[in-house]
Amino acid sequence: MQEKYTKLLEVIKRYDRVGICLSGGSGSALVAIAAVEALGADRVVAITANTPFFTGEELLSSKDLCKRLGISLHVPNTNLLMNSAVVTNGPDRCYHCKKCIIDVVQKTAIELGIRTLLDGSCASPEELAVEEDQNEKVLSELGIACPLRMAGIGREDVHSIMTELSMGYYLHPENACLATRIAPGEPITLKKLRWIRAAENYIRSLGFGLVRVRVSGNKARIEVAKDDVADLIQQKQEVEEELKAMGYAEVIIDEDGYKRGAASCL
């Protein structure tokens with residue numbers, strides 16, 4: 001892993017002053033850490049677009065990391081819920097969502113006098129999921145650099161490198177935006193996003209780390225890590241009662257566990 005991390009530092013050293021597209025995820029956290037080591041904290045700033053699609057944990061993690069690294073964090077707001085191409089939740093939603101977010105981040109970078117933005121997308125040897133594929137298209141169109149891909153660093157590498165750097169605190173379970181929980185074609189509203197956030201926060205309070213509450217109409221399908229499914233089933237009655245009190249008419253526990261890229265169809 002040291003060889004790959006060294007390559008990452010070499011990639012970032014090509015730049016002068018950079019802005020990190022800090023998402024709250026592990027990949028962008030590693031890019032921020034490496035950028036500070038490669039360039040110095042005075043040549044690195046972080047930008048986290050604040051969106052209603054956040055679970056809330058992302059911004060807290062970004063703030064904590066920036067404080068630890070000694071770099072400034074800028075948090076511009078987005079208008080995703082006013083973008084019809086996003087809220088109609090069609091098959092290209094991820095593309096329009098990512099583009100809207102990057103546009104806001106780029107405008108902030110320009111205001112700060114920053115010409116280079118670094119994204120935390122990883123190298124992916126497997127076939128890209130739809131969301132990743134659309135994200136890659138946006139990044140390519142807008143000229144955003146992806147140093148992890150350039151250094152050949154994948155998701156598992158990120159975990160290993162962060163652990164070796166004693167930065168494991170910033171390793172988080174995958175936490176795709178809340179919009180991915182809503183069934184394709186169903187309009188995205190602030191009410192639905194808050195509804196999903198409340199359900200997921202409740203289940204996390206029971207001790208589950210990786211949680212998805214996928215919604216179709218007023219039905220909810222709960223996904224947790226495969227190893228945690230049995231524990232969740234043991235608490236099924238309590239969980240059903242709590243979610244139904246929130247307004248869900250039907251609650252299903254997915255016995256197959258979390259599946260990356262799963263659609264929110266019931």
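Quantify how much of the Cα-Cα distance distribution of region 164-266 extends past 25 Å, in percent. Roughly 17 percent, rounded to a whole number.
Beyond 25 Å in Cα-Cα separation lie the following of the pairs 63/226; 107/192; 98/219; 98/226; 7/226; 192/259: 63/226; 107/192; 98/219; 98/226; 7/226.
Can you check what the net charge comes to around residue 36, using other residues whose Cβ is under 14 Å from the Cβ of residue 36 (Lys, Arg +1; Asp, Glu -1)? Once positives and negatives cancel, what remains is +3. Over the chain, all Cα pairs binned in 5 Å intervals from 0 give whole-percent P(r) values of 1, 6, 13, 16, 18, 16, 13, 9, 5, 2, 1, 0, listed from short to long. Shown in residue order for region 218-225 are the 3J(HN,Hα) couplings computed by the Karplus curve 6.51 cos²θ - 1.76 cosθ + 1.60 at θ = phi - 60°: 10, 9, 10, 10, 9, 10, 10, 4 Hz (x for Gly and Pro). The residues 87, 213, 239, when put in order of fewest to most other Cβ atoms within 10 Å, stand as 87, 239, 213. Each of 241, 223, 10, 37 has some number of other Cβ atoms within 10 Å of its Cβ, and from fewest to most they run 241, 10, 37, 223. Database remark: amide H of residue 182 closer than 5 angstrom to the amide H of 215 (H placed geometrically; neighbours at sequence offset of 5 or more, or on other chains; Pro and chain starts carry no H). Going from the fewest other Cβ atoms within 10 Å to the most, the residues 149, 155 appear in the order 155, 149.
Karplus-based coupling profile of region 179-185, in residue order and whole Hz: 4, 5, 7, 8, 3, x, x, with θ = phi - 60° in 6.51 cos²θ - 1.76 cosθ + 1.60 and x standing for Gly or Pro.
No lab work stands behind these numbers, since they all come straight from the coordinates. Being a predicted model, the structure only gives us computed values, none of them experimental. Reconstructed Cβ throughout: ideal geometry from the backbone, glycine too, with neighbour counts over all protein chains shown.
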